[in-house]
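In what follows, a structure is listed as structure tokens, so that the remarks can point back to it.
The values are calculated or read from the model by the stated rules, or taken from the named source; none is laboratory data. Predicted model, so just to flag it, every value in this text is computed and none were measured. Don't worry about glycine lacking a Cβ; one is built from the backbone with ideal geometry, like all the others, and counts go over all protein chains shown.
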Amino acid sequence: MNINILTIFPEIFDIFNVGLISKSIKKNLISINTFDIRKNSINKHNHVDSKPYGGGEGMVMMAEPIVKTLSGIQKRKVGKVIYLSPQGKKLDQKKVISLAERKNLTLICGRYEGIDQRVIEKYVDEEISIGDFVLSGGEYAAICLIDAISRHIPGVLGNQDSYLKDTFSNGLLKGHVFTKPEIFESMEVPSELLSGNHKEIEKWKLESSLLQTFLKRPDLLENKKLSKKQKKLLEELASKAIL
């Protein structure tokens, strides 16, 4: 996958020089290219923002530097253009998976009070938000989006099946997890996980996943199509929780 990033702070994306994505870049599984919007400033002071028409707080990123930067990318490598914005549709796992299937993505990172609306209307295919909160810039949202997408690109994860059991991947929260030692500060690992009985272990993991979802994110269960086995387990867990 090829990902283009339009930003005025390309150095923020040095974060991809470490970790899983760094390894994926070295393996040519992912290509991440940053394009500095400020290099296409239209004045001698390298300004890319100006006061909003009609007055109001803050500054707005001008259209021309963004469009000039966008036009500098080969057309065949632009792909879908996404603007990271609090006005966008909230990102979820379904959207992440669909974006991971694309060969090219271009992300526009806004700053200040946002970007000129005319850029959005003519050049942006979709606005995406990572949550109902405000960040200093779209760069941080882009990092989250890229990290989430990368997990679904074949070859990125050592165990390609691991993302299938991640939280949200099956519509539920992931259950509790444990590792060595078996006893820590008088707290023991659940005996089911030490039993060696695969059916018993899977049953415990499913119960844990359903229980955590029921207790922490019951809204997820409203749209989740549960199997008969899951429904029965959930009813049992719900009755125990009420008691």
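Please verify whether segment 67-79 includes one or more residues that are part of a strand (DSSP E or B) and in contact with a strand residue (DSSP E or B) (Cβ under 6 Å, 6 or more places away or on another chain).
For segment 67-79, residues part of a strand (DSSP E or B) and in contact with a strand residue (DSSP E or B) (Cβ under 6 Å, 6 or more places away or on another chain): absent.
Among helices (runs of 4 or more DSSP H) lying entirely in segment 111-194, which contain 3 or more residues that are at pLDDT 95 or above, buried (at least 18 other Cβ atoms within 10 Å of the Cβ) and touching a Cys at 6+ places or on another chain (Cβ under 6 Å)?
Details: elements: 117-123, 138-150, 191-194.
Helices (runs of 4 or more DSSP H) meeting the threshold: 138-150.
Among the listed residues K240, K224, K231, which satisfies the condition of being more than 30 Å from K180 (Cα to Cα) and out of contact with any Gly (no Cβ under 7 Å at 6 or more places or on another chain)? Talk me through it step by step, then tell me what you get.
Details: K240 fails: more than 30 Å from K180 (Cα to Cα); K224 fails: out of contact with any Gly (no Cβ under 7 Å at 6 or more places or on another chain).
Answer to the check: K231.
Regarding segment 88-105, can at least one residue be identified that is crowded, with 18+ Cβ neighbours inside 10 Å, among the hydroxyl-bearing types (S, T, Y), at pLDDT 95 or above and not in a loop (DSSP other than H, G, I, E, B)?
No, every residue in segment 88-105 fails to be crowded, with 18+ Cβ neighbours inside 10 Å, among the hydroxyl-bearing types (S, T, Y), at pLDDT 95 or above and not in a loop (DSSP other than H, G, I, E, B).
Pairs under 8 Å by beta carbon, first residue in contact (Cβ under 8 Å) with a residue 60 or more places away in the chain in segment 76-87, partner of a type in the set (G, A, S) and assigned to a helix (DSSP H, G or I), six or more apart or different chains?
Short answer, once both residue conditions are applied: L84/G138; L84/A141; L84/A142.
Within segment 43-75, can you find the residues that are hydroxyl-bearing (S, T, Y) and without any contact (Cβ under 8 Å) to a residue 40 or more places away in the chain? Steps first, answer last, please.
First, the residues of segment 43-75 that are hydroxyl-bearing (S, T, Y): 50, 53, 69, 71.
Of everything in segment 43-75, those that are hydroxyl-bearing (S, T, Y) and without any contact (Cβ under 8 Å) to a residue 40 or more places away in the chain turn out to be S50, Y53, S71.
Given the conditions (1) without any contact (Cβ under 8 Å) to a residue 60 or more places away in the chain; (2) under 25 Å from R76 (Cα atoms); (3) over 15 Å from the mean Cα position of the chain (by Cα), and given that E127 satisfies all but one, which numbered condition is not satisfied?
Here E127 meets the rest and fails (3).
Let me confirm something: among N104, N46, which residue is among the polar types (S, T, N, Q) and on the phi > 0 side of the Ramachandran plot? Show your work before the answer.
Details: N104 fails: on the phi > 0 side of the Ramachandran plot.
Residue meeting the stated conditions: N46.
Restricting to segment 195-226, and then to whatever is within 16 Å of A238 (Cα to Cα), free of Cβ contacts under 8 Å to residues at least 12 places away in the same chain and of a type outside the set (D, E, K, R), can you tell me which residue is surrounded by the most Cβ atoms within 10 Å (Cβ to Cβ)?
Ranking the candidates gives L226 first.
I'd like to verify a number: residues in segment 1-49 that are loosely packed, with under 13 Cβ neighbours inside 10 Å and under 16 Å from L145 (Cβ atoms), how many?
Total meeting the criteria: 1.
Under 9 Å between Cβ atoms, at least 6 apart or on separate chains: pull out the pairs that start in segment 153-177 with a residue that is among the basic types (K, R) and end on any residue that is assigned to a loop (DSSP other than H, G, I, E, B) and at pLDDT below 60.
K174/D166; K174/T167
Under the condition of being loosely packed, with under 15 Cβ neighbours inside 10 Å and of a type in the set (S, T, Y), which residue from segment 51-87 is farthest from the chain's Cα centre (by Cα)?
The residue in question is Y53.
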